[in-house]
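Peer 1: One structure is given below, represented as structure tokens, and several questions about it will come after.
The values are calculated or read from the model by the stated rules, or taken from the named source; none is laboratory data. Quick caveat: nothing in here was measured; it's all calculated off a predicted structure. Positions of Cβ are generated from backbone atoms using ideal geometry, with glycine treated the same way; all protein chains shown enter the neighbour counts.
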Amino acid sequence: MIAETKDEMKERILEAALKRFTHYGSAKTTMNEIAEDLGCSKASLYYYFPDKKGLHRAVLMKIAENFFAELEALAEHIVSAEATLQQITEVRSNFIRRFCRLELFRILNETQPEEMQQVIKEARERDDKLIARVIKAGVESGELQVEDPQQMAILYNQAMEGLRFTVLDRPPDYIDVTPEEVDQIMIKQQLLSEIFIKALKRH
């Protein structure tokens with residue numbers, strides 16, 4: 001049997017933790033349970049992750065990378081800016097549905113608020129850059145007429161995020177969002193995206 005590398009073992013730990021977090025929530029999952037799922041000792045987990053917060057952070061980063069990898073794959077093959085933006089909205093909604101019970105944002109924000117704010121800031125900047133890329137592709141193909149794709153992308157994302165507040169009539173705490181509420185948000189976001197794109201199309 002070939003021995004696992006450190007990277008392979010770390011990946012197995014993240015997968016096991018994510019499976020537990022998704023089903024039971026992060027707060028209710030113990031390091032012992034994750035170790036049992038992997039058939040290893042708790043000491044082995046602490047070799048890779050000194051504490052549970054470190055594991056929480058690593059799982060959150062893994063989810064974020066998977067999320068952006070899926071979005072960036074869409075941006076690699078843009079036939080229509082309008083269609084791509086609708087696909088991006090769907091991917092976002094699917095990720096929220098899948099991971100809304102993890103509690104990771106709440107836990108990490110309560111314990112490391114400054115670090116979480118930086119993570120959120122970087123994610124927003126990456127998201128803005130991605131949407132700007134889609135809008136720019138629409139401009140280059142003649143589909144859209146926009147002078148500043150970056151500024152338009154920021155406005156688009158701000159409008160989308162604003163819907164999360166107004167549709168739920170409360171702060172968008174995804175830990176407490178139900179699948180039905182995600183669907184409500186998605187319907188409004190798709191409609192807003194359609195209106196937004198129509199305003200930017202060449203006439």
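Peer 1: From the list Gln145, Gln151, which residue is in contact with a Lys or Arg (Cβ under 9 Å, 6 or more places away or on another chain) and modelled with pLDDT of 90 or more? So that I can check it myself, show each step before the final result.
Peer 2: Working: Gln151 fails: in contact with a Lys or Arg (Cβ under 9 Å, 6 or more places away or on another chain).
Only one candidate passes the filter, namely Gln145.
Peer 1: Against the definition (outside the structural domain of Arg12 (by TED's automatic domain parsing), closer than 24 Å to His23 by Cα and out of contact with any helix residue (DSSP H, G or I) (no Cβ under 9 Å at 6 or more places or on another chain)), how does Ala69 come out, yes or no? Walk me through it before giving the result.
Peer 2: Details: outside the structural domain of Arg12 (by TED's automatic domain parsing): yes; closer than 24 Å to His23 by Cα: yes; out of contact with any helix residue (DSSP H, G or I) (no Cβ under 9 Å at 6 or more places or on another chain): yes.
Taking the combined requirement at face value, the residue satisfies it.
Peer 1: Let me ask something else about it. From Leu60, Leu74, which residue is in a helix (DSSP H, G or I), touching a helix residue (DSSP H, G or I) at 6+ places or on another chain (Cβ under 7 Å), under 22 Å from Ala17 (Cα atoms) and not assigned by TED's automatic domain parsing to the domain that holds Thr22? Outline the logic, then answer.
Peer 2: Working: Leu74 fails: under 22 Å from Ala17 (Cα atoms).
Leu60 is the lone residue from the list that is in a helix (DSSP H, G or I), touching a helix residue (DSSP H, G or I) at 6+ places or on another chain (Cβ under 7 Å), under 22 Å from Ala17 (Cα atoms) and not assigned by TED's automatic domain parsing to the domain that holds Thr22.
Peer 1: A further question on this structure: Cβ-Cβ under 8 Å, sequence separation 6+ or interchain: first residue in region 177-189 and closer than 15 Å to Gly162 by Cβ, partner hydroxyl-bearing (Ser, Thr, Tyr). Which pairs?
Peer 2: Qualifying pairs under 8 Å: Ile185/Ser93; Met186/Thr89; Met186/Ser93; Gln189/Thr89; Gln189/Ser93.
Peer 1: Report the residue count in region 76-86 for those that are without any contact (Cβ under 8 Å) to a residue 60 or more places away in the chain and buried (at least 17 other Cβ atoms within 10 Å of the Cβ). Walk me through it before giving the result.
Peer 2: Keep residues of region 76-86 that are without any contact (Cβ under 8 Å) to a residue 60 or more places away in the chain, which gives 76-77, 79, 83-84.
Checking the rest, the ones that are also buried (at least 17 other Cβ atoms within 10 Å of the Cβ) come to 84.
Of the residues in region 76-86, 1 are without any contact (Cβ under 8 Å) to a residue 60 or more places away in the chain and buried (at least 17 other Cβ atoms within 10 Å of the Cβ).
Peer 1: A further question on this structure: Are there any pairs, at least 6 apart or on different chains, whose C-beta atoms fall under 8 Å, with the first in region 144-168 and touching a residue at least 24 places away in the same chain (Cβ under 8 Å) and polar (S, T, N, Q) and the second surrounded by 13 or more Cβ atoms within 10 Å (Cβ to Cβ) and part of a helix (DSSP H, G or I), and if so, which?
Peer 2: Close Cβ pairs (under 8 Å, with a partner that is surrounded by 13 or more Cβ atoms within 10 Å (Cβ to Cβ) and part of a helix (DSSP H, G or I)) amount to Gln145/Val139; Gln145/Leu200; Asn157/Arg124; Asn157/Asp127; Asn157/Asp128; Asn157/Ile131.
Quick grid of which residues meet (1) in a helix (DSSP H, G or I); (2) of a type in the set (S, T, N, Q); (3) touching a Gly at 6+ places or on another chain (Cβ under 8 Å):
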residue: His23; (1), (2), (3): yes, no, no
residue: Ala35; (1), (2), (3): yes, no, no
residue: Cys40; (1), (2), (3): no, no, no
residue: Leu45; (1), (2), (3): yes, no, no
residue: Gly54; (1), (2), (3): yes, no, no
residue: Ile78; (1), (2), (3): no, no, yes
residue: Gln87; (1), (2), (3): yes, yes, no
residue: Gln118; (1), (2), (3): yes, yes, no
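Peer 1: Could I ask something else about it? Is it true that Phe21 is closer than 30 Å to Glu140 by Cα, among the aromatic types (Phe, Trp, Tyr) and either buried (at least 16 other Cβ atoms within 10 Å of the Cβ) or outside the structural domain of Glu103 (by TED's automatic domain parsing) (or both)? Reasoning before the result, please.
Peer 2: On the way: closer than 30 Å to Glu140 by Cα: no; among the aromatic types (Phe, Trp, Tyr): yes; either buried (at least 16 other Cβ atoms within 10 Å of the Cβ) or outside the structural domain of Glu103 (by TED's automatic domain parsing) (or both): yes.
Taking the combined requirement at face value, the residue does not satisfy it.
Peer 1: Check Ser41, Ser26 and return the single one that is buried (at least 18 other Cβ atoms within 10 Å of the Cβ), polar (S, T, N, Q) and outside the structural domain of Ile154 (by TED's automatic domain parsing). Don't jump to the end; show me each part of the working.
Peer 2: Working: Ser41 fails: buried (at least 18 other Cβ atoms within 10 Å of the Cβ).
After applying the criteria, what remains is Ser26.
Peer 1: Checking the structure you have, find out if any residue of region 11-19 is closer than 16 Å to Phe105 by Cα and within 18 Å of the chain's Cα centre (by Cα).
Peer 2: Filtering region 11-19 down to residues closer than 16 Å to Phe105 by Cα leaves 17-18.
Checking which are within 18 Å of the chain's Cα centre (by Cα) leaves us with 17-18.
There is at least one residue in region 11-19 that is closer than 16 Å to Phe105 by Cα and within 18 Å of the chain's Cα centre (by Cα).
Peer 1: Further question on the same structure: Would you confirm, using the coordinates I've provided, whether Val139 is in a loop (DSSP other than H, G, I, E, B), modelled with pLDDT of 85 or more and farther than 24 Å from Lys28 by Cβ? Working first, answer last.
Peer 2: Details: in a loop (DSSP other than H, G, I, E, B): no; modelled with pLDDT of 85 or more: yes; farther than 24 Å from Lys28 by Cβ: yes.
Here the answer is no, as Val139 does not meet what is asked.
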